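The values are calculated or read from the model by the stated rules, or taken from the named source; none is laboratory data. None of the values given here were measured: they were computed from a predicted structure. Every residue, glycine as well, gets a Cβ built from its backbone with ideal geometry; the counts of neighbours run over all protein chains shown. SASA here: full protein model, heavy atoms, side chains in, ligands and nucleic acids out. Shrake-Rupley method; radii C 1.70, N 1.55, O 1.52, S 1.80 Å.
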Amino acid sequence: MKHDVEPIKIGEAIGASTSDDAPARAARSIVLVDLLRRSFPFLFLVVLIAVFSAFSSRFLSFDNLMTVLEQGTVLLVASLGMTFIIMAGSIDISVGSIVGIAALVAAVTAGKLGVWAIVPAVMIGAACGTVNGLLLALGKVPSFIATMGTMVVYRGFVLLFTRGAPVSIEDDGFMASYSGYSMGISHAVIVGLALALVAWVIINYTVFGREVRAIGGGERVSILTGIAVTRVKIYMYVLLGALCGIAGLLQGARTMAASAQLGAGLELDVIAAVVVGGTPLTGGLGSIVNTMLGVLIITLLSNGMNMTGVDPYLQSIIKGIVLICAVFITIDRKKIGIIK
C-alpha cells in the first residue's frame, strides 16, 4: 500500500527552518540595535530623572527645573554651533576661551552700549571663529591642533587684559535684558530656545545645512559634487564663534562679571552634550533636537549629583564614564572602516 503523506525530512525537523529564519532574525537584531542607538539620549534622560527623583524630593520641583534650564542655556547656545562642526567631521576646543573673551568684551562695553553690548560680543566671537575657520580651511591645519592653539591664545588675551581680576557689569539695562525674567521665565532661556529653533531650521531646511551634513558624510564626494567645502567650513566656524559670543554675553550677565576663568573647561561639556545627544564624532549625522537632549542630560547630571550630595571629585569620573558609554552606544560601527 502506497502512503500519500510525505516523510518528514530530518533537516526540516532539527534545523533547516532555523537556518531559513536566520537572515530575518539578524535583520530584526540590526533594527533593534539601531533603535536603541537612536533612542539612547531620550531613554538615558528618563533614567536620570527617575534616579535623581528617587533620591531627592526637590529634584522635580518647579524652581529646580527652572534652575536647570538657566544653567543649561550657555551650554545649549555653544552646543548649537558645535553641532554643525561635529556634523561636518571637525572639532573646536577653543569654545570656552571664545566664551571668555566675548564675556569680557560685553562687560567692558555694557556701560556705554547697554543692551547693545551684544553686538561687539557677537563680533569678537565671530572674529575668533573666522580665525579658526581660516586655519582649518585655508591653512590646512587639523581642526584639533588649530583650535588647541587658538584656545591658548584667546585665553591669553583675556588674562593680559584683566590681569586676573574680574570685570564687573553694572549697567541695569544690560542686566535686565539678559538676566531678567518675563512671566517667570528667564530671558536667557528664551534667547537659548529661539536660537535652537533658528539652528534647527538652518540644518533641516537650508542648502548650508545640507552641505554641512554632506561634508561630514564624505568630503571628497562633496568636492566632486560641486560643494564649496572651503567656504562652508569657514562659515560654520564663524557661526560657532558668533553663538559663543552670545553664550559669553549670557554667562557674563548671569555672573554679573567677566573673569579670566569664565568659560574654562566649557569645551568639554559642549562636546559631551553634542556626542551624548547622538551626533557621532565621525560626522554626517546629527540633529538639533538630539543636541538639546544632550544638553539636558549633561545639565541634569551635574544638577542631580549636586542635589544628592555626590562627591565633587567623583562627579568628574561619572561624567567621563557617561561620555564613554554614550560614544560606545551611539556610534554606528557599520559606517566606520578603521578606528584610529
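Each row is one residue, and each column tells you yes or no for (1) within 23 Å of residue 166 (Cα to Cα); (2) of a type in the set (A, V, I, L, M); (3) modelled with pLDDT of 95 or more.
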site	(1), (2), (3)
91	no, yes, no
100	yes, no, no
103	yes, yes, no
108	yes, yes, no
113	yes, yes, no
128	yes, no, yes
138	no, yes, no
141	no, yes, no
145	no, yes, no
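Write out, first by first residue and then by second, each pair whose Cβ atoms fall under 9 Å of each other, whose residues are 6+ apart or on separate chains, and whose first residue, in segment 211-222, is of a type in the set (Lys, Arg) while the second is not in a helix (DSSP H, G or I).
213/88; 213/283; 213/284; 213/285; 213/286
Assuming residue 64 fulfils every condition listed in (1) in contact with a Lys or Arg (Cβ under 9 Å, 6 or more places away or on another chain); (2) in a loop (DSSP other than H, G, I, E, B) apart from one, which condition is it?
(2)
Determine whether segment 299-316 contains at least one residue that is at pLDDT below 85, assigned to a helix (DSSP H, G or I), closer than 20 Å to residue 270 by Cα and open to solvent by less than 60 Å² (accessible area, probe 1.4 Å).
So far as segment 299-316 goes, yes, one or more of its residues are at pLDDT below 85, assigned to a helix (DSSP H, G or I), closer than 20 Å to residue 270 by Cα and open to solvent by less than 60 Å² (accessible area, probe 1.4 Å).
Looking for whichever is open to solvent by less than 30 Å² (accessible area, probe 1.4 Å) and either in contact with a strand residue (DSSP E or B) (Cβ under 9 Å, 6 or more places away or on another chain) or free of Cβ contacts under 8 Å to residues at least 24 places away in the same chain (or both) here; the options are 126, 121, 103. Which one fits?
103 is the lone residue from the list that is open to solvent by less than 30 Å² (accessible area, probe 1.4 Å) and either in contact with a strand residue (DSSP E or B) (Cβ under 9 Å, 6 or more places away or on another chain) or free of Cβ contacts under 8 Å to residues at least 24 places away in the same chain (or both).
For residue 45, state whether it is more than 22 Å from residue 245 (Cβ to Cβ), in contact (Cβ under 8 Å) with a residue 40 or more places away in the chain and surrounded by fewer than 20 Cβ atoms within 10 Å (Cβ to Cβ).
When the stated conditions are applied, residue 45 passes them.
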